[in-house]
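The values are calculated or read from the model by the stated rules, or taken from the named source; none is laboratory data. Because the structure is predicted, anything quoted here is derived from the model rather than measured. Here the Cβ positions follow ideal geometry from the backbone for every residue, glycine too, while neighbour counts run over all protein chains shown.
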Amino acid sequence: MKLVVLCPHFAPDVAPTGEVITRIVEGLVDRGHHVHVVTSFPWYREHRIEPGYEGKLVDHEDTDWGRITRVHPFPTSDKNNLVGRALAYLGFSVLSGIVALRGGRVDGVLAMSPPLTLGLTGWLVARFRRARYVFNIQDVYPDVAVELGVLGSKRLIRLAAWLERFCYDRADAVTVLSDDLRDNVAGKTTRPAKVRVIPNFVDTEWIQPAPRENEYRHELGIDEKFVVMYAGNVGYSQSLDLVVESAAALSSDPDIAFVINGGGAARPALEQQAAGLTNVHFVDMQPKERLPEVLAAADVHLVPLKRGLARSSVPSKTYSILAAGRPLIASVDPGTEVARLVADTGAGVAVPPEDGEALTKAVAALAASPEEAVRMGDAGRQFVEGWASPAAVAEAYERLFEELRR
């Protein structure tokens, strides 16, 4: 098949969704398909275009399996600038569409959201190039923005909700990551049966259980500590103020250290909140190749989401944590995907969202029972070994496009 893939990030960009779509494309290529990827210049790490890509509007790279076209993402470093971010998404989506419209007929178009505007681009490209169209939803917008309070204007919410329904209805299929997201999206389209669950994956060959004592710990001077870690985007979707709150509550225990690994719009305020706490360590985002080492360095990982968000988002880091053989504490809405996963596998503990006391008690309990933490980590690893692989997810998309073509 000849396929067009529209996505906001792609290797070498380090965004989690970029890693997901890169591996899916690699899987499709391994299965003999020709792919044209239309994406942005790498910009996720520092929220500005990385060296080597400056001064360009569009750049093409031909490969032995197809082509990668990168366009300007018009990045803004201020996540509170709603107008600026909306214009950036719109500019990227329009420019991507102009590029992707060129060429003859293809068999399928796969577009990824967010941004939601890329759903409209995908539909137009599919119509113009007479292809079947699959819209992949990583996070449900505008639900996430509304829950965060980022989008408060009733007029803008109505406009975004209309665009969301429009994109779902025009897609031949909509793919989501979990049953929760399927229920959410299915209620917003006239054909609920078109919504399919194709989960993200975890590479259990690359991320494996490893000794906790490693160079990363040594660099931070926490070799012998019980390490509680959050690794990922330090943004407004995560209740990371609870992490600092727990660190303050447990500051009298010299054997527990908290690590916040990553960057994002919420980090300056968190660092200010943590001022004077010697048990909290902030670390910049590490190179991709260090991810297995970073994951292994923790005794327990945190997956905190603000109230309501677990019904619209499934953090991909969850499965990487389990692959590393480490337990997790999930601060999420009861009954949602991650909470059910923790309960069903025994791979960690779920606590109510935005409940600092509950999070602190969960951390203290695992720190007091390190053997229980190890048992949970083993259970998580056992679960993901039977979970979806990159090859299996690529095959699922191949089957979906073939079904739609028939």
Fill in: Tally of residues being on the phi > 0 side of the Ramachandran plot and under 25 Å from the mean Cα position of the chain (by Cα) across region 211-239
1
Discussion item. Quick check on region 240-255: of everything there that is surrounded by fewer than 22 Cβ atoms within 10 Å (Cβ to Cβ) and within 22 Å of GLN286 (Cα to Cα), which residue is farthest from the chain's Cα centre (by Cα)?
Written reply: VAL244
Worksheet item: If a residue has to be closer than 28 Å to ASP355 by Cβ, in a helix (DSSP H, G or I) and not small (Gly, Ala, Ser) to count, how many in region 267-305 make the cut?
Response: 8
Fill in: Pairs with Cβ under 9 Å, 6+ apart, first in region 343-362 and surrounded by fewer than 15 Cβ atoms within 10 Å (Cβ to Cβ), second aromatic (Phe, Trp, Tyr) and outside any loop (DSSP other than H, G, I, E, B)
ASP344/PHE383
Discussion item. For region 13-60, which positions are surrounded by fewer than 19 Cβ atoms within 10 Å (Cβ to Cβ), assigned to a loop (DSSP other than H, G, I, E, B) and either at pLDDT 95 or above or more than 18 Å from the chain's Cα centre (by Cα) (or both)?
Written reply: ARG31, GLY32, ARG48, GLU50, PRO51, GLY52, TYR53, GLU54, GLY55, LYS56, LEU57
Worksheet item: Is one or more of the residues making up region 280-301 more than 16 Å from the chain's Cα centre (by Cα) and of a type in the set (Phe, Trp, Tyr)?
Response: yes
Worksheet item: Only one residue in ARG165, ARG105, ARG191 is closer than 19 Å to LYS2 by Cα and among the charged types (D, E, K, R). Which one?
Response: ARG105
Worksheet item: Within region 363-373, can you find the residues that are without any contact (Cβ under 8 Å) to a residue 24 or more places away in the chain and either among the hydrophobic types (A, V, I, L, M, F, W, C) or buried (at least 19 other Cβ atoms within 10 Å of the Cβ) (or both)?
Response: ALA365, ALA368
Discussion item. With the requirement that a residue be over 20 Å from the mean Cα position of the chain (by Cα), in a loop (DSSP other than H, G, I, E, B) and surrounded by 14 or more Cβ atoms within 10 Å (Cβ to Cβ), what does region 181-199 give you?
Written reply: LYS188, THR189
Discussion item. Condition (residue is more than 25 Å from the chain's Cα centre (by Cα) and part of a loop (DSSP other than H, G, I, E, B)) applied to region 168-180: is it met by at least one residue?
Written reply: no
Worksheet item: So which residues in region 50-78 are touching a residue at least 24 places away in the same chain (Cβ under 8 Å), out of contact with any helix residue (DSSP H, G or I) (no Cβ under 7 Å at 6 or more places or on another chain) and within 19 Å of ILE98 (Cβ to Cβ)?
Response: LEU57, GLY66, ARG67, ILE68, ARG70
Worksheet, complete the sentence: Note on region 380-406: residues within 28 Å of SER331 (Cβ to Cβ) and out of contact with any Pro (no Cβ under 8 Å at 6 or more places or on another chain) are GLN382, PHE383, VAL384, GLU385, GLY386
Discussion item. Could you tell me how many of the residues in region 309-320 are in contact with a Leu (Cβ under 9 Å, 6 or more places away or on another chain) and either assigned to a loop (DSSP other than H, G, I, E, B) or hydrophobic (A, V, I, L, M, F, W, C) (or both)?
Written reply: 5
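Out of LEU110, LEU95, LEU151, I need the residue that is in the same structural domain as VAL174 (by TED's automatic domain parsing) and over 23 Å from the mean Cα position of the chain (by Cα). Which one?
Numbers: LEU110 fails: over 23 Å from the mean Cα position of the chain (by Cα); LEU151 fails: over 23 Å from the mean Cα position of the chain (by Cα).
After ruling out the rest, the residue left standing is LEU95.
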Fill in: Only listed residue being β-branched (Val, Ile, Thr), in contact (Cβ under 8 Å) with a residue 40 or more places away in the chain and farther than 25 Å from ASP13 by Cβ, chosen from VAL300, VAL280, VAL294, VAL314
VAL300
Worksheet item: How do the pairs read when you match residues in region 325-339 that are at positive phi with residues anywhere that are surrounded by fewer than 24 Cβ atoms within 10 Å (Cβ to Cβ) and of a type in the set (Phe, Trp, Tyr), using Cβ under 9 Å and keeping only pairs 6 or more apart or on different chains?
Response: none
Discussion item. Condition (residue is outside the structural domain of PHE282 (by TED's automatic domain parsing), more than 23 Å from the chain's Cα centre (by Cα) and either among the charged types (D, E, K, R) or in a loop (DSSP other than H, G, I, E, B) (or both)) applied to region 200-210: is it met by at least one residue?
Written reply: yes
Worksheet item: Mind checking which residues of region 323-338 are acidic (Asp, Glu) and assigned to a loop (DSSP other than H, G, I, E, B)?
Response: ASP333
Item to complete: Enumerate the pairs (first residue in region 1-15 and in the same structural domain as LEU28 (by TED's automatic domain parsing) and within 23 Å of GLN286 (Cβ to Cβ); second residue anywhere and small (Gly, Ala, Ser) and outside any loop (DSSP other than H, G, I, E, B)) with beta-carbon separation below 6 Å, excluding pairs fewer than 6 apart on the same chain, so at least 6 apart or on different chains.
Response: PRO8/SER40; HIS9/GLY18; PHE10/GLY18
Worksheet item: Hey, does region 306-318 have a residue that's surrounded by fewer than 17 Cβ atoms within 10 Å (Cβ to Cβ) and either farther than 27 Å from PRO42 by Cβ or not acidic (Asp, Glu) (or both)?
Response: yes
